[in-house]
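The values are calculated or read from the model by the stated rules, or taken from the named source; none is laboratory data. No experiment lies behind these values; they were computed from the predicted model shown. Cβ atoms come from the backbone with ideal geometry, glycine included; neighbour counts cover every protein chain shown.
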Amino acid sequence: MNRPSSTLKLSLFVVLIIAITGCNDGWESMGDNIKKRLIAVGDCSPAIKDATYFIIETDYSVSAPPVIKSDGHHTISYHNLNNNTLLPWEDSLHWRIKQELLGMNCGDAMVISAPIHAVNKTFLCGYNDLPSDRGEDLIEVNFKIMKTFDEQGYRDYLLSSAQHGEMLETEAIELLLMNNTEIAYEKHGDCFIQPLVVGAGDTIAAGSEVTIAYTTCLLNDKPLDKPTELQFTFGRPDQVVEGLQYALSMMRSGDEANVYLPSYLAFGEEGSTGGVVPPKTPVYFKLKVVDVKN
């Protein structure tokens, strides 16, 4: 019988090593018990590291034998990943995962396996039921970068999505406001108010003679009229749109605020007379209460 050649010996040795260690399944270790695997490559712009806003689609699963298994699918919008400040209370995303996300482009998709404590659950979705008390359980998260935006591009996207029914108008408004961490906002039902200046004058009540100055704008900051001053008796019908009257009931002379309203609290399904405000369009008012006489 012929002896095996040295080439055959080497081949058998390689096969043996593969059989012992297992095949490379595409996972790459990132340290700290975190692994990544690239799924797809995109080439959209801007890259996430250069984007002001981005939208990530996520699928995740958590298995904690023998009884717990959680699955979820979310589309989420966030900003300021460079500062790792997704929202004021969301600052615990593991730095290795953050760096990987910062290296992704629009269209990229990647799966990450990590201990559950390394992936802040509010990053995935502020309202999910991820078992946060099982910090060492492994979670697998599929990240897909759906869209990236600069500031103006994000505003245009939210406005268009609301007008075409791709998201609720109130959702578009709140996504815009919640990602602006420089100015706080108040939510009163479906009326959203950003207080800018707090006045010291009289409060507004039924029968008050009120003078306001305002500009009507779309969510993308496009003004729809010139700064306008209006005098009216508060509480009489058809003086101002419903949502603005509601906001004014909580204001006083000297107050300045941005008041964001869905279309059904503003100009409705038909829009404004003359077509200045398009149908089914959320708007906001740059509002100042000039004077109140009770």
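Somewhere in the stretch 217-225, is a residue more than 26 Å from the chain's Cα centre (by Cα) and either crowded, with 22+ Cβ neighbours inside 10 Å or not in a helix (DSSP H, G or I) (or both)?
Scanning the stretch 217-225 turns up at least one residue that is more than 26 Å from the chain's Cα centre (by Cα) and either crowded, with 22+ Cβ neighbours inside 10 Å or not in a helix (DSSP H, G or I) (or both).
Of all residues in the stretch 185-207, those being outside any strand (DSSP E or B) and in contact with a helix residue (DSSP H, G or I) (Cβ under 9 Å, 6 or more places away or on another chain) number 4.
Scanning the stretch 267-286 for any residue that is touching a strand residue (DSSP E or B) at 6+ places or on another chain (Cβ under 8 Å), free of Cβ contacts under 8 Å to residues at least 60 places away in the same chain and buried (at least 21 other Cβ atoms within 10 Å of the Cβ) turns up at least one such residue. If I filter the stretch 232-263 down to residues being within 15 Å of residue 213 (Cβ to Cβ) and among the acidic types (Asp, Glu), which single residue comes out as surrounded by the fewest Cβ atoms within 10 Å (Cβ to Cβ)? The extreme case among them is 256.
Considering only residues in the stretch 244-269 that are within 28 Å of the chain's Cα centre (by Cα) and of a type in the set (Asp, Glu), the one that is farthest from residue 219 (Cα to Cα) turns out to be 256.
With respect to being outside any helix (DSSP H, G or I), at pLDDT 75 or above and of a type in the set (S, T, N, Q), residue 29 fits the description.
Let's see how each residue does on (1) modelled with pLDDT under 95; (2) outside any loop (DSSP other than H, G, I, E, B); (3) touching a helix residue (DSSP H, G or I) at 6+ places or on another chain (Cβ under 9 Å):
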{"site": "211", "(1), (2), (3)": "no, yes, no"}
{"site": "235", "(1), (2), (3)": "yes, no, yes"}
{"site": "239", "(1), (2), (3)": "yes, no, yes"}
{"site": "257", "(1), (2), (3)": "no, yes, yes"}
{"site": "260", "(1), (2), (3)": "no, yes, yes"}
{"site": "264", "(1), (2), (3)": "no, yes, yes"}
{"site": "268", "(1), (2), (3)": "yes, no, no"}
{"site": "287", "(1), (2), (3)": "no, yes, yes"}
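Scanning the stretch 179-206 for residues that are of a type in the set (A, V, I, L, M, F, W, C) and crowded, with 17+ Cβ neighbours inside 10 Å returns 191, 192, 193, 204.
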